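> My structure is below; once you've seen it, I'll send some questions.
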Amino acid sequence: MKITSRILISIILITAWFSVNATSAAEIDYIKAVCVSCHGANGIAKSELTPNLAGQREKYLAKQLRDFRKSANRPTPQKEELTDIGGKRRHPIMSTITTRLSDGQIEEMARYYSSQACRSKTKLDQAKSIPKVTPCLACHDENETTHEPWVPRLSGQNKLYLINQIYALRISAEQKYAQGSSLRSHPLMEDKIKHLSAFEIETIAHYFAARKCR
């Protein structure tokens, strides 16, 4: 509750800041200070339920921020309206914050976090590859020369965050309408994960969380 209250206060403050200030380096620093509340210093999240941003692909980060911003004014959209080849997202906090970000600010934040050093969770045992992981590697392996810049890096990401995102995609695949305050949809991912068991989802999340992030 205390964390949520601090985040809501930050949203109010950042809104007031944007209303009276032009884009500047100081403004970007202020946005970073707000992000620290959940995503931690230098993009290493404080909670296992929150994604690490450090070292993530720049174009992927920018697209997610734009998708959050676009979804902010759609409280109960049809899933078809939120789904395209690149996917869509909605989150009560992130969608609110991003409504106040310009395209330039989004690009600057994406550039900043992508430049930060990632940090793998070394406390996890290195997971062995399993048959269900193999299809994931076609897009989510770490070979920079063969994968698109808007595909997220999963290696070293927080395990509980990965599990939650897979379930969010599966819920989206099963429902015609976007339910609840949070949403993640992607036509390719929904087709890949809709038949995974709970054990398979946890195993896949553990595998990527246990890998070195670079």
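> What is the calculated FRET efficiency for residue 195 to residue 148, with r their C-beta to C-beta distance and R₀ = 35 Å, to the nearest 0.05?
Values: r = 25 Å, r/R0 = 0.71.
Working from the Cβ atoms, E equals 0.90.
> Could you list, in their original order, any pairs among 32/194; 46/88; 159/192; 32/159; 59/132 whose Cα atoms are separated by more than 30 Å?
Working: 32/194 35 Å; 46/88 25 Å; 159/192 19 Å; 32/159 24 Å; 59/132 27 Å.
Exceeds cut-off: 32/194.
Each value in this text was obtained by applying a stated rule to the coordinates, not by laboratory testing. Just so it is clear, the model here is predicted, and its values are computed rather than measured. Counting neighbours? That spans all protein chains shown, and the Cβs are built from the backbone with ideal geometry, glycine included.
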